[in-house]
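To start, the structure itself, in structure tokens.
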Amino acid sequence: MSALRLNAGGDVLEDLVQIHVEGGSTSYVRVSGDWTPSAWGNTLDALCAEAQVPPQLWLLAEALRPHLNEQDLFSGPGGDEDAVAAVRAAVDASAVPTGAPPRAVAAALTSLLSSLAVPVCACLPPLTGCDENNISQWAFDLLEALPSAHYNAFVYVIALLREVLAKSWQTTAATRLASVARDAFLPDGEPDARAHVFAAVQFLLTSNL
């Protein structure tokens with residue numbers, strides 16, 4: 001059972017629970033429930049439909065734009081779970097989560113990306129090394145390797161993070177944002193692959209493109 005299959009109607013929330021009482025009999029209880037479809041755990045292709053980027057990603061970005069000058073927006077504490085859950089519920093209802101704590105919105109945005117059934121950076125070009133002589137070309141090779149929906153989401157988020165970086169006074173902001181983006185774009189994977197994604201994001205955030 002997975003969120004992807006539940007969202008697509010391929011799974012149902014149903015299970016058989018065994019209850020055994022020591023010295024007594026064993027009983028079985030069938031448990032079932034209704035699944036509310038969600039953007040979280042879905043695929044970019046399914047979320048985009050006819051849009052260039054997922055509408056849910058746009059809603060979260062719009063809620064964040066008035067707060068991009070808040071320090072540690074993405075790298076600070078993400079707020080309490082109830083606040084993040086409220087943001088997710090609003091976005092799943094196709095509403096901009098206005099009035100939500102900015103860090104809860106940022107946490108919801110990164111969790112939307114990291115929960116994708118197929119990561120944003122699932123398709124990587126051959127790894128060449130993370131030094132300055134190689135990473136710039138590898139970053140552009142990465143952009144060419146990404147499928148359309150993944151490319152659009154990647155570029156959209158990089159543009160948003162560049163806005164955040166432009167408003168930050170912290171000298172470590174680019175490094176911290178690149179780490180956040182790496183975890184969102186490729187939450188799992190070989191350490192070398194994640195290191196390449198981190199270095200490529202850092203290059204794209206700080207270069208005059």
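The values are calculated or read from the model by the stated rules, or taken from the named source; none is laboratory data. What you see is a predicted model; the values in this text were computed from it and never measured. All Cβ positions, even for glycine, are placed from backbone atoms using ideal geometry, and neighbour counts span all protein chains on display.
Here is a yes/no grid of residues against (1) among the polar types (S, T, N, Q); (2) surrounded by fewer than 18 Cβ atoms within 10 Å (Cβ to Cβ); (3) modelled with pLDDT under 95:
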position: Leu13; (1), (2), (3): no, yes, yes
position: Gly23; (1), (2), (3): no, yes, yes
position: Asp34; (1), (2), (3): no, yes, yes
position: Ser38; (1), (2), (3): yes, yes, yes
position: Ala63; (1), (2), (3): no, no, no
position: Ala90; (1), (2), (3): no, no, no
position: Val105; (1), (2), (3): no, no, no
Legend entry - Failed condition for Ala107, given (1) under 27 Å from Ser207 (Cα atoms); (2) outside any helix (DSSP H, G or I); (3) of a type in the set (Gly, Ala, Ser); (4) free of Cβ contacts under 8 Å to residues at least 40 places away in the same chain: (2)
Inset, instruction - Quick one: count up the residues across the stretch 140-151 that are in a helix (DSSP H, G or I) and in contact (Cβ under 8 Å) with a residue 12 or more places away in the chain. - result: 7
Inset, instruction - Residue by residue through the stretch 153-195, note down the ones that are part of a helix (DSSP H, G or I), more than 25 Å from Pro54 (Cα to Cα) and not hydrophobic (A, V, I, L, M, F, W, C). - result: Thr175, Pro191, Asp192
Inset, instruction - Under 7 Å between Cβ atoms, at least 6 apart or on separate chains: pull out the pairs that start in the stretch 180-197 with a residue that is in contact (Cβ under 8 Å) with a residue 40 or more places away in the chain and end on any residue that is surrounded by fewer than 22 Cβ atoms within 10 Å (Cβ to Cβ) and of a type in the set (Lys, Arg). - result: Leu186/Arg194
Legend entry - Failed condition for Gln137, given (1) closer than 24 Å to Gln56 by Cβ; (2) not in a loop (DSSP other than H, G, I, E, B): (1)
Inset, instruction - Run Ala145 past the list (1) within 25 Å of Asp80 (Cβ to Cβ); (2) surrounded by fewer than 20 Cβ atoms within 10 Å (Cβ to Cβ) and report the number of the one that doesn't hold. - result: (1)
Legend entry - Given (1) in contact (Cβ under 8 Å) with a residue 60 or more places away in the chain; (2) surrounded by 17 or more Cβ atoms within 10 Å (Cβ to Cβ), index of the condition Phe154 fails: (1)
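So if I check each of Ala173, Ala178, Ala166, which one is at pLDDT 95 or above and not β-branched (Val, Ile, Thr)?
On the way: Ala173 fails: at pLDDT 95 or above; Ala166 fails: at pLDDT 95 or above.
None of the others qualify; the one that does is Ala178.
Restricting attention to the stretch 74-82, does a residue exist that is outside any loop (DSSP other than H, G, I, E, B) and free of Cβ contacts under 8 Å to residues at least 24 places away in the same chain?
Within the stretch 74-82, one or more residues are outside any loop (DSSP other than H, G, I, E, B) and free of Cβ contacts under 8 Å to residues at least 24 places away in the same chain.
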